[in-house]
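These notes are about the structure you will find just below.
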Amino acid sequence: VCLSSRIPACRALLVLRMAPFQSWRAGFSLWALLCFRMARADAESDGPVFIDGGGHCHPGEMPAACNDGELRNINWHGFLQIVCSPQVTQGDVVTPILETLSFFDMKSAKACMAGFIATFLSLLASGLGEWKNQIVRYIPDGTFKVLVSTWDERPDDPIFKQWSLVLPRLFNLSSPWPPWSFPGPFIQVQKAQDLSSMVELQSDNRCNPAVMRDIGCGDDAWLELLYLLCTGCTMSNNGGGVSCLYTEEFIEITEAVMKVSRGSWRRPACPHGLLATILSLSGRADLMPPEVSGEVYRVPLEGGRPPALVLHAAFRKLANNMDNYFALNVPMIDLAPFPGHTGMLRSARLNAPKDARYYRSFVAAVSTFLGRAGLAHILLPGDLSTGFWQKDHLAESGILYSFFLDYSTQYEFQPLASDLADFLADEFGGSFRFVQASPGLWQVGEEPYRFAPQLGSAFRLSCATCVYASFYFYMRDGTQSLLPLAPWTPCSIPLRRVFPIRWREMAGSMVPLAVDEVWLQRSQRLPAIWMPGRASDGLTSGGSCNAARSRLVQERGVSHVFPQSGLTQEFDLSPGVHHDLGLFDLMRLREDSEEAGLHRYSDKIIFKGRLMDQGIPIPKIYHMSNDPANWSEVLLGLNTTRFVAKPTHLAATSYVYVMRDGVNLISGESVSLQEVAAGLAESLEDQHLDDWATESTPPGVIIEELIDAPPREGQGFTPDEMKCQTFFGQLFFCEWVFVQNMTSGQDGVDRFFDAHASGDRALPAKGHQASGIPNFVSKGYIFQDRTCLDCGEQVPLSEEAWAKLIRIVETVAAGTDHIRIDVFITPDGEPVVNEANISFLKISKFPPQLVEEMRRRWLEGYRTFFS
C-alpha cells in the first residue's frame, strides 16, 4: 500500500496483515513514518482537495476547515491511507496518528469535527499506551467531553498541549473518512460512568448490613467498608454530610476500594460503596475538590421509576493518588446503607458559577416556607456574610438577597429549621443544611461538599460555592431604625428604607421586598462607611450602633447571648485598619505595635501570674522570676525529675527543657541539671525578633510541672496542645498539635530567614541556632462545635472538657482583637493554659480557607466594634 501515489519508493516498505476496525492495531516502521512526512510536505494546499484513502474508505472532498491554519500541516491523504487500509502491521503507526492529533486544538477540532473524531478513534484503535493520556467523560445529556493531551515536537523544545472539547451525541463519518460512527466503542464509557440507575434505600437503613445485597454489594470486602465508615464517620445533623477519622486503617481500606474501582471503561462493582468512600474523604485538609457540573440533569429511568436528578462529577487525585481519577454521572440519592448523601456534590461546582435562576427559585422557596409558617420577614438586597454587594455576583446579572427577621421570631424559627431543610430537599432534590453562624446570623443552604462546622461558622468558610440563604435578625431602635445583630452595612437601617414592604414576583412566587432597594444597594458599595452619619443612619438615641445594640440586647435580657468583651487600648489597631487588608497585613500591624500593655501576654511571668490570680488552670509553677541569681539552686532543689524549664522572653521553643528523668523530651538527649542551668543562663543573651512585644520583654525563667503526653508509639513525648485562634474574644478554631522533635540549628536559622524574606518581622536568633525550632505534628483543626477537620483520632476532650476549654480561652482572650491561646491537654483530658501568642508567622501552614476566614473575622470585629 502506498502512502502517496507520488512516492512509489514507499510501496515496498510495508508488510501488511488483515484486521477488523474493532481490533485494529497499527504498525508503522521508521521508513513508513519518513514516507508519511514526505507525503505531507508534498501535499497540495490550495483549492478543493479530493482524497481517496482506498481500503474501506470512498473518495470525497476534504472539508475546507480541515485544511486551514495548523491543520494545513497534516497530510490527510497519507493519514487516510493508513486508517482506511484493511491491512496493517502492528508497530509504530501510533506516531503519525499522534502527530496528526498534535496539530489540533479546541477551535480547529470544532471546525473539523470529522477529522478530529477520525483521528481520536484511530488513536483508540491503535491500543497503545498513549491512549491512556486521554480522558473521556460521558455527560448525562448524551454528549462526551474529552480532555486531549498531546506533544507538539516540531520546536526544539517540545510543547505539551492540553485542551477539552464536547463531542456530539452521534456523529457519522462520511467520505473521504472511514465509515465509522461516533460514539461507537465509547458506548462502553457511557455504561461505565452512568450511575443514574442506582437504587435508593430509605435513610433508616443506614449501617444495616442486612440490606447490602439489595444494592448489589454483598461481598465481604464491601461489608468491611460499611463497618469502617459506620464506626469511623459521623453524619451532620441533617444526615447529608460525613465527617470521618482518618486513621491508617481508614486510609488503607479507602485506597483499596478506589484501586479495585478504577477504570473509565468498567462500571464500579459497588457504586454505593465507591461514592461513600469518595464522600468520606471530603474532610481532608489537602482535598483536591472535584469538578461538578453546574447543571442538574433529569434522566429518565426504566421500570416505571421516577426520573433521576443527576450530577456529572470528575474526581481527581483522591487520597493524594494521581491514579485515583473517576468521572461519574451521580444521582442525588441517600447512599444507605452507607453513610452520606450524594446531594452534597452539587455544592462542589468548581468551574461552574451559581445559576441565578436556581438561586431565585431557592430564595422564593424559602420565603414561601416562612410565609406558610407565619414568620414575618423582609428581603433586603445583598448578603454581607459573603462580602459587599456586587451586581454580577451570580452567573447572570442579578443580586443576592438576605432575609431579615425580628429577633423575637428566633424562638418560633428554631424548631422549624430541620423542616425547612427537608422542604428544600423535596423542592430541589439533594441535601440541605441549617447552620447557626452566630446568634444574629443563621443560614440554610446546600450540604457542603467539604468539611464544614455546623455552629459558629458561615457557609463562606467551607462552601462559598454553595447556594444558600442568610437570615439576619434585628431589633428595632425606637421608631426610626432597625439594627442588624450581625455585621451589616449600614449598621443601622432607616425604617423608611425598608417599610412599607412591596410584594414582587420571583420565580413564580410573591416575595416581600424592602421598599428602597436602590438606596440599600448603594449603601453597600465600596468604600463602605462603618460609622454612618447621623442624618443617614436613622439613629434617634444618639451614639454608635455598637452602643445601641448593647443597650437593646440588655433591655431584652439576652446580653448573655451576645457577649461583648470590649477592646483594650493595647489591642486597638483601628487607626491602621481598612477593609482590604489581608490577614498577614493585619498581623504585621500587630508585630510592629509598641503598646506596653502587650507585655501582659508576651511576658510569661506577668501572664501566668495574672491567670493564677483569676483561678484559670495552668501547670503547677515551681519557680518564676527575672532574677538569674538563684536558678541553679532552684533546679537542684526540685523534688521531682519531671519538669519544664524555659525562658519567659523567647519563642519557638528556644532553650526549652522538657525534662523527664534526665532526658530532654523534645531533643531526646540526656541533659544534666547543670546543663539546663547553663542553657537558661545563655538564653539571657538572646532576643527574638518576632514582634515588638516579644523583643522588649525582659529576660526571665519559668520552671513548672511537666504535663505528660498520651501514648504515641514513639512519635514524640510532649503533651497534646491546642493552639486556639480567637477574634474579639471568641474562639474560631484550635489547631491540635504536638512537638515531635526539634530541627537542626541550621534548619531553624534558615526557616526564619525564609520568614523574613516572606514579609515577616522575624529574623534568625541565637536560640534558633542553639536549639533548632520545633517540628510540630498537626493532628487536625477543631471548631466551636467540636467537629474536626482532617483528624485521624478522636478529639482528646469530652464534650464537657471542650466546653470548659472554650470558656477558659475566651476568658483569657477578653479585650483582644486577635490572640492565640495555647492550651495543654492533661492525660485526664483536662485543659490547662500554656501560654499566649500575639503573632504568628506568614509562613504558617494554615489551609487557605482558614486564612481567608481569619482575615474576615478580624476585620468584621473592627467593623462591628467601631460602627
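The values are calculated or read from the model by the stated rules, or taken from the named source; none is laboratory data. Quick caveat: nothing in here was measured; it's all calculated off a predicted structure. Please note: Cβ atoms are built from the backbone with ideal geometry, for glycine as well, and neighbour counts cover all protein chains shown. The protein model used for the area step is the full one, side chains on, heavy atoms only, and it has no ligands, DNA or RNA in it. Shrake-Rupley method; radii C 1.70, N 1.55, O 1.52, S 1.80 Å.
One line per residue, one yes/no per condition, for (1) among the aromatic types (Phe, Trp, Tyr); (2) at pLDDT 95 or above; (3) out of contact with any Lys or Arg (no Cβ under 6 Å at 6 or more places or on another chain):
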site	(1), (2), (3)
ARG357	no, no, yes
VAL363	no, yes, yes
PHE369	yes, yes, yes
LEU379	no, yes, yes
LEU384	no, no, yes
ASP392	no, no, yes
GLU396	no, no, yes
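Pull out all pairs, ordered by first then second residue, where Cβ-Cβ is under 8 Å, the residues are six or more apart or on different chains, the first lies in region 618-642 and is over 22 Å from PHE824 (Cβ atoms), and the second is surrounded by fewer than 14 Cβ atoms within 10 Å (Cβ to Cβ).
Filtered contacts from region 618-642: ASN626/PRO698; SER632/GLN674.
What number goes with the only condition from (1) in a helix (DSSP H, G or I); (2) at pLDDT below 95; (3) more than 25 Å from TYR781 (Cα to Cα); (4) under 25 Å from the mean Cα position of the chain (by Cα) that SER418 does not pass?
That leaves (4) as the condition not met.
Scan region 829-845 and report the pairs whose first residue is without any contact (Cβ under 8 Å) to a residue 40 or more places away in the chain and whose second residue is assigned to a strand (DSSP E or B) and crowded, with 18+ Cβ neighbours inside 10 Å, with Cβ atoms within less than 8 Å and a gap of 6+ or a chain change.
Close Cβ pairs (under 8 Å, with a partner that is assigned to a strand (DSSP E or B) and crowded, with 18+ Cβ neighbours inside 10 Å) do not exist here.
Can you tell me which of (1) among the small types (Gly, Ala, Ser); (2) surrounded by 13 or more Cβ atoms within 10 Å (Cβ to Cβ); (3) under 23 Å from THR119 (Cβ atoms) is the one SER164 doesn't meet?
Among (1) among the small types (Gly, Ala, Ser); (2) surrounded by 13 or more Cβ atoms within 10 Å (Cβ to Cβ); (3) under 23 Å from THR119 (Cβ atoms), the lone unmet condition for SER164 is (2).
Here are the criteria: (1) out of contact with any Phe, Trp or Tyr (no Cβ under 6 Å at 6 or more places or on another chain); (2) surrounded by fewer than 23 Cβ atoms within 10 Å (Cβ to Cβ). Tell me which single one VAL363 does not satisfy.
Tallying (1) out of contact with any Phe, Trp or Tyr (no Cβ under 6 Å at 6 or more places or on another chain); (2) surrounded by fewer than 23 Cβ atoms within 10 Å (Cβ to Cβ), VAL363 fails exactly one: (1).
State which residue pairs qualify: first residue without any contact (Cβ under 8 Å) to a residue 24 or more places away in the chain and within 13 Å of GLN725 (Cα to Cα) and inside region 800-811, second residue part of a helix (DSSP H, G or I) and open to solvent by 30 Å² or more (accessible area, probe 1.4 Å) in any location, beta carbons under 8 Å apart, and separation of 6 or more residues or different chains.
From residues that are without any contact (Cβ under 8 Å) to a residue 24 or more places away in the chain and within 13 Å of GLN725 (Cα to Cα), there are no pairs.
If ALA373 passes every condition in (1) among the aliphatic types (A, V, I, L, M); (2) modelled with pLDDT of 95 or more; (3) crowded, with 17+ Cβ neighbours inside 10 Å; (4) over 21 Å from the mean Cα position of the chain (by Cα) but one, which one does it miss?
(3)
Only one of HIS341, HIS312 is modelled with pLDDT of 90 or more and within 18 Å of PHE144 (Cβ to Cβ). Can you tell me which?
Checking each option against the conditions leaves just HIS312.
Evaluate region 660-668: report whether one residue or more is open to solvent by 20 Å² or more (accessible area, probe 1.4 Å), among the β-branched types (Val, Ile, Thr) and either under 30 Å from ALA596 (Cβ atoms) or assigned to a strand (DSSP E or B) (or both).
yes
Can you confirm whether ALA836 is open to solvent by 30 Å² or more (accessible area, probe 1.4 Å), at pLDDT 90 or above and either touching a helix residue (DSSP H, G or I) at 6+ places or on another chain (Cβ under 8 Å) or hydrophobic (A, V, I, L, M, F, W, C) (or both)?
In short, no.
Quick check on my filter: what residues within region 561-576 are out of contact with any Pro (no Cβ under 8 Å at 6 or more places or on another chain) and either at pLDDT 90 or above or outside any loop (DSSP other than H, G, I, E, B) (or both)?
LEU567, THR568, GLN569, GLU570, PHE571, ASP572, LEU573, SER574, PRO575, GLY576
Among the strands (runs of 3 or more DSSP E) contained in region 435-524, which hold 1 or more residues that are open to solvent by 10 Å² or more (accessible area, probe 1.4 Å)?
441-446, 468-477, 502-506, 509-513
Where in region 279-349 are there strands (runs of 3 or more DSSP E), lying wholly inside it, with at least 1 residues that are open to solvent by 40 Å² or more (accessible area, probe 1.4 Å)?
Answer list for region 279-349: 297-299, 308-315.
Could you list, in sequence order, the residues of region 733-747 that are in a strand (DSSP E or B) and closer than 15 Å to ALA770 by Cβ?
Matches in region 733-747: MET742 only.
Would region 566-579 turn up any residue that is among the aromatic types (Phe, Trp, Tyr) and open to solvent by less than 30 Å² (accessible area, probe 1.4 Å)?
yes
Could you figure out which of (1) in contact with a helix residue (DSSP H, G or I) (Cβ under 9 Å, 6 or more places away or on another chain); (2) in contact (Cβ under 8 Å) with a residue 24 or more places away in the chain; (3) surrounded by 14 or more Cβ atoms within 10 Å (Cβ to Cβ) isn't true of TYR657?
Single failed check for TYR657: (2).
Of these, VAL211, VAL148, VAL199, VAL189, which one is farther than 23 Å from ARG262 by Cα and either under 32 Å from the mean Cα position of the chain (by Cα) or not basic (Lys, Arg) (or both)?
Just one listed residue meets the conditions, VAL211.
I'd like the residue in region 601-630 that is under 27 Å from SER744 (Cα atoms) and either part of a loop (DSSP other than H, G, I, E, B) or in contact with a strand residue (DSSP E or B) (Cβ under 7 Å, 6 or more places away or on another chain) (or both) and, out of all such residues, is most open to solvent (accessible area, probe 1.4 Å).
Looking at the filtered set, the residue picked out is LYS604.
Which condition breaks for GLY716 when tested against (1) open to solvent by 60 Å² or more (accessible area, probe 1.4 Å); (2) not in a strand (DSSP E or B)?
For GLY716, the failing item is (1).
Could you check region 129-147 and list, in sequence order, the residues that are touching a residue at least 40 places away in the same chain (Cβ under 8 Å) and open to solvent by 50 Å² or more (accessible area, probe 1.4 Å)?
Result: ASP141, single match.
Filter region 148-163 down to residues that are of a type in the set (Val, Ile, Thr) and touching a residue at least 12 places away in the same chain (Cβ under 8 Å) and give me whichever is farthest from LYS110 (Cα to Cα).
THR150
Residues that are farther than 20 Å from VAL189 by Cα and basic (Lys, Arg): does region 123-135 have at least one?
no
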